[in-house]
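Worksheet for the structure shown next.
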Amino acid sequence: MEWSGPKMSWKFSQTFKFELQELTMGATENIWTAMDIAPSVAIHDSIPHHPLSVDTALSFPVMSHRVIDVCKKLFRKWEKLDDSRFSVETVSGGITNLLLKVSVKEGNGDNVAVTVRLYGPNTEYVIDRKRELQAIKYLSAAGFGAKLLGVFGNGMVQSFINASTLNPADMKKPKLAAEIAKQLRRFHQVEIPGSKEPQLWVDIFKFSEKASSLRFEAPDMQRRYETISFKEVHEEVTQLKELTDRLNAPVVFSHNDLLSGNLMLDDEHDILYFIDFEYGSYSYRGYDIGNHFNEYAGYECDYSLYPIKDEQYHFFRHYLKPEKPYEVPEKDLKALYIETNTFMLASHLYWALWALIQAKMSPIDFDYLGYFFLRYNQYKKEKQMCVSLAQSHLSV
């Protein structure tokens, strides 16, 4: 198992058959009330669904057996197949999901594969699964991500995409950056039914409220946590919201987590895929782009890799005018540059506060408290320059 960062990723190389073992998972204290958690999702009748869940704390062989059980219950044509016709392997995973490839030799001899996504433990506290499932239907119809095939207690089954995830360094390559920009423009044009109210600040204030009332059993974690001034954090969030409101940034349906692990490339057919829409919501155009640029820093959070102005302009040209990128007026490039780099600050605040909740809720052995300070300190480092740029632009 390889752990590469706070949001990505586990990687496994083995394919497992099935040795039944019994494991138990320790109870986790709930810090949010039931009203904070997304309600049960009504699935369209054409999508098979089953209440069975798969405990991600089980050993992989046992978990694989349960996954096969789920697939048999969801898809009738597989229910009488022997388990020996199935194989399960891990594609990748992070704290918000674990991706499994399930290969099946059907009764007629055909070999097929699907992707099973298992939600990470306690992720309902930071992810609105109802919102995600609603969006997938429309994003899939628009050609984004994998097709939704079935839903179960703590995950979903989707069509398998035969492609490889990008590395952070790949996103800087001019050809790929241009393609990501074009695809993101098209993504932002997808209409998702329901409220189009931007969720960014709703989520950040909610995270802030929950993060400010945590308590850790480990004394050293509690001491570190108590050094955080939530009054200061609240003031920073409020002031940044007021500033970004003045930019009148377009509200679009946003991915909100466009890191390298959520971008897949089919080299053979030269096709780029956006995947994993867990954090998707209506939000601000500049936030989605600025958050993506922050992901250039990679799993090591090396923000010296944040794209320079020329690299950003290259992205903006292909985003704003994909067919004629070099005809984009300078004033439009400058405006999007200011919008993006102001909202980039909001990305740091969002993931900093998210990390505090993860520090309490996640079973992953990772220094989430340290990640809070890393993102919050980066926010403070970048704040003066980005805010001054925005204020200067607004004063003209």
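The values are calculated or read from the model by the stated rules, or taken from the named source; none is laboratory data. Since this is a predicted model, take the numbers as computed values, not measurements. Reconstructed Cβ throughout: ideal geometry from the backbone, glycine too, with neighbour counts over all protein chains shown. Protein only, heavy atoms only, side chains kept; ligands, DNA and RNA dropped before computing areas. Shrake-Rupley method; radii C 1.70, N 1.55, O 1.52, S 1.80 Å.
When the convex hull of the Cα atoms of segment 194-257 is projected onto a plane and the area is averaged over all directions, what value comes out in nm²? Walk me through the numbers on the way to the answer.
Numbers: hull surface 24.1 nm².
Over every viewing direction, the Cα hull of segment 194-257 projects on average to 6.0 nm².
In this model, which of K130/K173; K73/K210; K182/K380; K172/K321; K210/K241; K147/K196 are farther than 28 Å apart at the alpha-carbon? Please report the intermediate quantities before stating the final value.
Details: K130/K173 35 Å; K73/K210 37 Å; K182/K380 31 Å; K172/K321 19 Å; K210/K241 19 Å; K147/K196 23 Å.
Listed pairs above 28 Å: K130/K173; K73/K210; K182/K380.
Would you work out the relative contact order for the chain, in percent, from Cα pairs under 8 angstrom that are 6 or more residues apart? Present the calculation step by step, with values, prior to reporting the outcome.
Details: 609 pairs, mean separation 62.5, N = 396.
Rounded, it is 16 percent for the chain.
If the chain between E235 and S46 were fully stretched, how many nm would it gain, using 0.36 nm times the residue separation less the Cα-Cα distance?
63.3 nm
To the nearest 0.05, what FRET efficiency results for D310 and R223 with a Förster distance of 41 Å applied to their C-beta separation?
Taking R0 as 41 Å, the efficiency between D310 and R223 is 0.40.
Using the per-residue mean of other Cβ atoms lying within 10 Å as a proxy for protection, in what order, highest first, do the peptides 314-320, 297-303, 353-359, 77-83 fall?
The peptides rank, most packed first, as 353-359, 314-320, 297-303, 77-83.
Taking the solvent-accessible surface of protein heavy atoms with a 1.4 Å probe, what is the per residue accessible area of the chain in Å²?
47
For the chain, take the longest principal axis of its alpha carbons; what is the angle in degrees between that and the long axis of helix 200-211, to the nearest 10 within 0 to 90?
70
What spacing in nm lies between the two simple spin-label points modelled at V202 and Y303, each 7 Å away from Cα in the Cβ direction?
2.8
If we restrict to alpha carbons, what Rg and Dmax does segment 291-378 come to, in Å?
16.1, 50
Do the sum for the chain: with -39,500 (n - 2.57) for every DSSP H run of n ≥ 4, divided by all residues, what is the mean residue ellipticity at 222 nm, to the nearest 500 deg cm²/dmol?
Calculated at 222 nm, the ellipticity per residue is -13500 deg cm²/dmol.
Could you state the principal axis extents of the C-alpha atoms in segment 200-302, from the largest down, to the nearest angstrom?
So the three principal-axis extents are 53, 38, 24 Å.
Give the Debye-formula value of log10 I(q)/I(0) at each listed q (0.12, 0.24 Å⁻¹), with one equal scatterer per alpha carbon of segment 248-328, two decimals each.
-0.41, -1.34
Given 20 °C and 1.002 mPa s, how large is the Stokes-Einstein diffusion coefficient of the chain in µm²/s, with Rh as the Kirkwood radius over Cα pairs?
96
What are the extents of the Cα atoms of segment 148-194 along their three principal axes, in Å, largest first?
Projected onto its principal axes, the Cα set of segment 148-194 covers 40, 28, 16 Å.
First measure r as the distance between the Cβ atoms of K130 and D55, then evaluate 1/(1 + (r/R0)^6) with R0 = 22 Å and state the FRET efficiency to the nearest 0.05.
Result of the calculation: an efficiency of 0.50.
Using a 1.4 Å probe over the heavy atoms of the protein chains, calculate the carbon and sulfur portion of the accessible area of segment 56-161 as a whole percent.
Taking all protein chains in place, segment 56-161 shows 45 percent carbon and sulfur surface.
When the chain is modelled as a GNM with alpha-carbon springs shorter than 10 Å, which of P325, P250, P219 fluctuates the most?
Result: P219 has the largest fluctuation of those listed.
Going by a ≥ b ≥ c, the root eigenvalues of the Cα gyration tensor, does segment 82-129 fall in the rounded group (a/c under 1.5), the prolate group (a/b larger than b/c) or the oblate group?
Prolate.
With the cut-off at 15 Å, report for segment 119-158 the share of all Cα pairs above it, as a whole percent.
Percent of Cα pairs beyond 15 Å in segment 119-158: 42.
In whole angstrom, note down how far apart the Cα centers of segment 200-255 and segment 102-142 are.
30
Between D367 and D266, what is the label-point separation in nm under the 7 Å Cα-to-beta-carbon projection?
About 4.2 nm, to one decimal.
Please give the peptides 169-177, 126-134 ranked by average Cβ packing (other Cβ atoms within 10 Å per residue), highest first, as a rough proxy for protection.
The peptides rank, most packed first, as 126-134, 169-177.
In whole Å, largest first, what are the principal axis extents of the Cα atoms in segment 120-184?
Per principal axis, max minus min of the Cα coordinates gives 41, 26, 21 Å.
Using only the Cα atoms of segment 344-385, what semi-axes does the equivalent ellipsoid have when each is the square root of 5 times a gyration tensor eigenvalue? Give whole Å, largest first. Don't skip to the end; give the middle numbers.
Numbers: eigenvalues 94, 16, 6 Å².
In descending order the semi-axes read 22, 9, 5 Å.
What are the residues whose amide H is under 5 Å from the amide H of I271, where those residues sit 5 or more places off or on another chain and H is modelled from the backbone?
D266
Whenever you get a sec, compute what percent of the accessible area on segment 202-333 sits on carbon and sulfur atoms (1.4 Å probe).
Numbers: 2990 of 6190 Å².
Roughly 48 percent, rounded to a whole number.
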